[in-house]
1. So what J values fall out for region 321-330 if you push phi through Karplus, 6.51 cos²θ - 1.76 cosθ + 1.60 with θ = phi - 60°, rounded to Hz, Gly and Pro as x?
2. With the radius of gyration and the Kirkwood radius both derived from the Cα set of region 279-343, what is their ratio Rg to Rh?
3. Can you pull the one-decimal nm distance between simple spin-label points at Ser304 and Ala142, each 7 Å off the Cα toward Cβ?
4. Taking the mean number of other Cβ atoms within 10 Å as a proxy for protection, how do you rank 142-153, 117-128 from highest to lowest?
5. Using amide H atoms built in the peptide plane, which far-off residues or other-chain residues are under 5 Å from Thr201 H to H?
6. Toward the positive end of the charge dipole of region 213-330, about the Cα centre and with charges on Cβ (Lys, Arg +1; Asp, Glu -1), which of Val278, Trp224, Ser300 goes farthest?
7. Using a simple charge model, +1 on the beta-carbon of Lys and Arg, -1 on the beta-carbon of Asp and Glu, nothing else, what dipole does the chain show about its Cα centre, in debye to the nearest 20?
8. Could you give the size of the charge dipole of region 163-271 about its Cα centre, using +1 on the Cβ of each K and R and -1 on the Cβ of each D and E, expressed in debye and rounded to the nearest 20?
Amino acid sequence: MAAATAAAETPPTLLEYMGQAGAADDLVVLVAHVQSACKRIAALVASPGNAELSRGKAGGGVAVAAGRDAPKPLDELSNEIILSSLRRSGKVAVMASEENDLPIWVSNDGPYVVVTDPLDGSRNIEVSIPTGTIFGIYNRLAELDHLPEEERAQLNSLQSGTHLVASGYVLYSSATIFCISFGAGTHGFTLDHLTGEFVLTHPSIQIPPRGQIYSVNDARYFDWPEGLRKYIDTIRQGKGQHPKKYSARYVCSLVADFHRTLIYGGVAMNPRDHLRLVYEANPLSFLAEQAGGRGSDGKSRILSIQPVKLHQRLPLFLGGMEDMLELESYGDVQQKVNPGYEV
């Protein structure tokens with residue numbers, strides 16, 4: 001009897017949960033391979049040699065396309081791990097990655113398209129600040145199959161966020177947390193190092209509509225537009241719609257700052273044209289909306305924006321619904337001055 005009770009109280013693993021929730025079999029297989037890749041990346045970022053990999057320059061110092069950050073060996077290795085796992089899954093037609101200039105056609109038979117930032121925040125590895133993997137999953141557009149391979153790969157990758165089937169991130173920190181939505185809420189799973197499985201620890205996450213934390217690099221305060229300065233000044237003095245004073249918390253690691261916002265509420269933001277719509281803004285906004293929050297560029301719903309370029313950048317604001325609506329009410333919150341910060 002006790003054993004049966006204990007078994008009933010054991011939280012499900014990620015794949016068990018997806019099966020119980022009725023997720024499509026092909027999607028479960030794909031996520032199984034994504035989680036396998038992320039376990040390998042988690043081990044990689046925690047290894048003694050990661051600092052050297054994070055400092056080095058990848059690709060022999062070759063210039064990268066406009067809109068992309070210069071890759072590092074750790075970024076490229078993470079990218080290769082994910083691509084290899086997606087190939088083995090047999091469920092992916094196209095992978096578009098922040099680390100590649102163009103999307104990669106993986107298989108003629110795969111039903112899904114995967115977009116990913118394989119290792120967000122890798123510049124922080126050397127000082128042991130949290131990093132993460134971000135991904136989004138779309139259905140392959142069969143109506144494009146008659147087009148040349150490069151064209152159909154590109155168009156499959158430029159779907160708007162409203163067509164996401166699933167999205168998620170993996171946070172590599174004091175714990176490794178796999179947060180995912182497949183259209184039925186947002187759920188968090190923590191890696192159990194004894195079993196090697198991601199187990200459910202944060203079911204049906206709901207972003208508090210109103211928090212008390214804002215997350216932004218406010219060293220850039222004097223480059224901000226008047227609306228954003230006024231919003232930040234107002235909430236940290238406790239003179240906004242919420243009568244309590246807000247506190248600042250900023251890691252400068254998108255996954256870490258978003259994860260805290262998802263749990264505690266408030267707003268996480270980068271007000272300049274810096275974050276990528278395809279790889280970062282859409283997947284995280286999908287998670288935010290599934291948790292009752294909102295993702296915005298300061299004016300418009302992120303998921304409604306049609307990507308026109310693979311590495312398209314834009315401002316990104318993520319948070320609880322009441323906080324986001326208050327921020328957007330200030331109107332002028334997108335930073336247009338961009339002097340080319342080194343850090």
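1. The phi angles translate into 4, 5, 4, 5, 5, 5, 4, 5, 5, 7 Hz.
2. Checking Rg against Rh, the ratio lands at 0.99.
3. A separation of 3.1 nm, rounded to one decimal place.
4. Taking the mean over residues of other Cβ atoms within 10 Å, the ranking is 117-128, 142-153.
5. Close amide H contacts, sequence-distant or interchain: Gly188, Phe189, Thr190.
6. Trp224
7. With Lys and Arg at +1 and Asp and Glu at -1, about 860 debye.
8. 560
The values are calculated or read from the model by the stated rules, or taken from the named source; none is laboratory data. Given the structure is predicted, the values throughout are model-derived calculations rather than measurements. As a convention, Cβ positions derive from the backbone with ideal geometry for all residues, glycine included, and neighbour counts pool all protein chains shown. With ligands, DNA and RNA removed, areas are computed over all heavy atoms of the protein, side chains included. Shrake-Rupley method; radii C 1.70, N 1.55, O 1.52, S 1.80 Å.
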